[in-house]
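Here, each number is a calculation from the coordinates, and none is a lab measurement. Remember, it's a predicted structure, so these values are computed and weren't measured experimentally. Positions of Cβ are generated from backbone atoms using ideal geometry, with glycine treated the same way; all protein chains shown enter the neighbour counts.
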Amino acid sequence: MKKLTRWLSKNLIKVYAFLGFTYLFIPVFYTFAFSFNDSGRSNLVWKGFTLKNWKNPCGAPDICMALGNSLKIGLISTILATILGTLIAFALGRYKFAGRSTTNLLIFLPMATPEIVLGASLLTMFLNLGITPGLVPTIIAHVMFCISFVVVTVKARIASLDPRLEQAAMDLYANEWQTFRRVTLPLVAPGIAAAALLSFSLSFDDFIITNFNSGTVTTFPKFVYTAAARGIPAQANVIGSSMFFIALIVVIAGQILSNKRKAKI
Amino acid sequence: MAAIKGISVKSFGLKDNRSALPYLLLAPGLIYLALFFVYPIIALGQMSTKTSSGEIGQYEQSFRFANYVDAFLGSKEQFSRSFIYATIATLLALAIAYPLAYAIAFKSGKWKNVLLVLIVAPFFTSFLLRTIAWKQILGEEGPVIKVLRGVHIISPQTSLTATSFAVVTGLAYNFLPFMTLPLYASLERIDPRTLEASGDLYANVFTTFRKVTLPLSMPGVVAGTLLTFIPAAGDYINAAILGSPSNKMLGNVIDARFFKIVDYPTAAALSFTLMAAILILVTVYIRKAGTEELV
């Protein structure tokens, strides 16, 4: 007993962290487990193990169309937001210029505005201009709320670089463009990749802003929300779990890749 | 903070460039934000003082500021509920996330990166699916309530879902990664030697935490609480899925006014009030907490 209390007091923080992660993952495990449920229309009670949902993830009506829309919106928004945000991050991270604090404020404000206000304001503007909500307004909205997160992520990476690396390149007679291309950009690349991944996950998972601006276009979160009223098909759990594993694989592969590169240097 | 900023500007070598390059880099993104963030907010402000012109969905500008009074008086309860729920959820998330971030920053060794990925990993399973999963786990058919009723911790009449408890824990759960990551970032920057020094000077674990760790991690606490509080105050999904009609938050009212009642002006007035209230709170909070540069 004494041994146990001593072990506990020494490892209290680890035990606590373990409990914290368990809490974080309970609904993820639940979603995964119920993707194997041999359920009928509503996936509420465990009815027995089956693989049929995984064999036929598009089995529920409209679910793969919704998924396709989400992937399309996510990819286009990610590319645009990453480009726009990275440019701003370089300006903020590398240059002194007049209007710096105004720029910082303009980047901070979208993150400090609740999603419902962002969604409502864009919808109001689109309606004023006579634009029908749909795919393009949704992409416009997603790019808007992703930019700030890209700027913050890439700027942090730029700030953590050792300026001596660039000075060394310049000392070795690289001009400004060569220095950027061969030294700065490769060093900032992991930050840009992280920002793109973050943008995609924010866009893919967004419900509130999408719900305001997508009109009749269904995305995966919209599908889940609408289906919740009459019972969510187990295929939604299959897609949710797959996204989880795909993202995990992408992140781990990226980590291994950067470890290898570090080992080379 | 200002001193640190001064040093960082010098050592990171910001170029004092008089050329147009930084403005060329800024222009596309900032024009985009002006068109699709600033302008829509102005449009929302204009909408908030309009009145119906008779036809459905048609409004004319009449500068009727009484829209704000109407909107506020009609949803005082939900307004205060939003801020109370968001505050409790933020404190709850802080209590859960701080030790978690501390463990990752100081106790995880080579597992650090893996654990950081695990903090954001739940994001990839749609947050709606996870919220619905909580509803089912805590619901009438779920395992938790059966166990709790079985051992007589709660009476057979008590439910866990459709309560303010479920909504607040749902909010805390959903925004936990937003709390954990900034906390981790600020804890990770602390030199472990400062903690050792504190110990060498005969401070016990609690004194070290109170006098050294906590003050040094304040930027993370401020950033984390903001990133949790702001989305939580505007959220309506947790209240819609985990709550009952008596747990409705301001977001539910705005959503309903836009899509069910189709009363855009009061919906816009409510959105504007919510944004203003949050911005005022955030400004006061940042002043009090003493961190200027957050982004």
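Of note:
- Unpartnered cysteines - no second Cys beta carbon under 4.7 Å - across chain A: A:Cys146
- Given their separation in residues at 0.36 nm each and the Cα-Cα distance between them, A:Thr5 and A:Leu105 gain 31.0 nm when the chain is fully extended.
- Couplings for segment B:110-116, taken from phi via the Karplus curve 6.51 cos²θ - 1.76 cosθ + 1.60 with θ = phi - 60°, read 7, 7, 3, 5, 4, 5, 5 Hz in order; Gly and Pro are left as x.
- Under the Karplus curve 6.51 cos²θ - 1.76 cosθ + 1.60, θ = phi - 60°, whole-Hz ³J(HN,Hα) for segment A:188-193, x wherever Gly or Pro sits: 7, 3, x, x, 5, 4
- Inter-label distance, nm, simple model (7 Å from Cα along the C-beta direction), A:Phe25/B:Glu196: 3.3 nm
- If you run the Gaussian network model on chain A, springs between alpha carbon atoms under 10 Å, then out of A:Leu123, A:Leu51, A:Leu92 the most flexible one is A:Leu51.
- Centre separation in Å (Cα based) which lies between segment A:83-143 and segment A:1-79: 32 Å
- As a length-normalised measure over Cα pairs under 8 Å and 6 or more apart, the relative contact order of segment A:62-264 settles at 37 percent.
- Length-normalised contact order for chain B - Cα pairs under 8 Å, 6+ apart - percent: 27 percent
- Here the Karplus relation 6.51 cos²θ - 1.76 cosθ + 1.60, evaluated at θ = phi - 60°, turns the backbone of segment B:148-162 into coupling constants of 4, 6, x, 9, 6, 6, 10, 6, x, 7, 6, 10, 9, 7, 6 Hz, with x for every Gly and Pro.
- Candidate aspartates and glutamates for bridging to A:Lys52, where Cα separation is under 19 Å - those fewer than 8 sequence places away on the same chain excluded: A:Asp38, A:Asp62
- q = 0.07, 0.08, 0.11, 0.12 Å⁻¹, the protein assembly as shown: log10 I(q)/I(0) [Debye, one scatterer per Cα]: -0.44, -0.58, -1.12, -1.33
- Scanning chain B for GluC sites (Glu not before Pro) lying in DSSP loops with no more than 14 further Cβ atoms inside 10 Å, the longest uninterrupted stretch between such sites is B:142-291.
- Of the chymotrypsin sites (Phe, Trp or Tyr not before Pro) in segment A:153-206, those whose Cβ has at most 14 other Cβ within 10 Å and which sit in DSSP loop: A:Tyr173
- Look at the Cα gyration tensor of chain A: its axes a ≥ b ≥ c give a/c of at least 1.5 with a/b at or below b/c, and that counts as oblate.
- Relative contact order %, segment A:30-91, counting alpha carbon pairs below 8 Å whose residues are six or more apart: 18 percent
- Debye log10 I(q)/I(0) for segment B:75-289, one point scatterer per Cα, at q = 0.13, 0.18 Å⁻¹: -0.87, -1.25
- Bridging of A:Lys260 to lysines at a Cα separation below 26 Å is possible for A:Lys155, B:Lys107, B:Lys110, B:Lys112, once same-chain residues fewer than 8 apart are set aside.
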